[in-house]
1. What number goes with the only condition from (1) open to solvent by 60 Å² or more (accessible area, probe 1.4 Å); (2) within 30 Å of the chain's Cα centre (by Cα); (3) of a type in the set (A, V, I, L, M) that A26 does not pass?
2. Residue check: is G40 small (G, A, S), without any contact (Cβ under 8 Å) to a residue 12 or more places away in the chain and not in a helix (DSSP H, G or I)?
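The values are calculated or read from the model by the stated rules, or taken from the named source; none is laboratory data. Everything numeric in this text was worked out from a predicted model, so none of it was measured. A quick note on method: Cβ atoms are made from the backbone with ideal geometry, for glycine too, and the neighbour counts reach across all protein chains shown. Surface areas here come from the heavy atoms of the whole protein model, side chains and all, with no ligands, DNA or RNA. Shrake-Rupley method; radii C 1.70, N 1.55, O 1.52, S 1.80 Å.
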Amino acid sequence: MDAKDEAGRGLTDIEDFLYWEAHHGASHRRAADLASHVPGLDNDQMADIECWYAEEQYRLSRHIAQHVADHVSAVERHHTNRYARLRRDAYLAVALVVGVMFGLLAALIFAATG
């Protein structure tokens, strides 16, 4: 792999990390906002709610990402199988046309000589 590919991969990794950090920070802010509206919570309980909510958001996002990846894989397999059948059918059609053409050519030669 050359330096350009490595740099591109590195930029993608940095972008993914920054996106994750932004999402993680937003989860903590939403949890803190929720906890601030619940009366009677001390600081430890508020921190527990924030951590639980952030972890739940992380688990949910991983679940969604896995679901999307599974769906993409299934669609890719479906299209691969579909195009393999299409290719096979096209090869059979070409073979049939070539066979008919050879048959007609043989009949024409046989009729011309006989």
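1. Just one mismatch for A26, condition (1).
2. Yes, satisfied.
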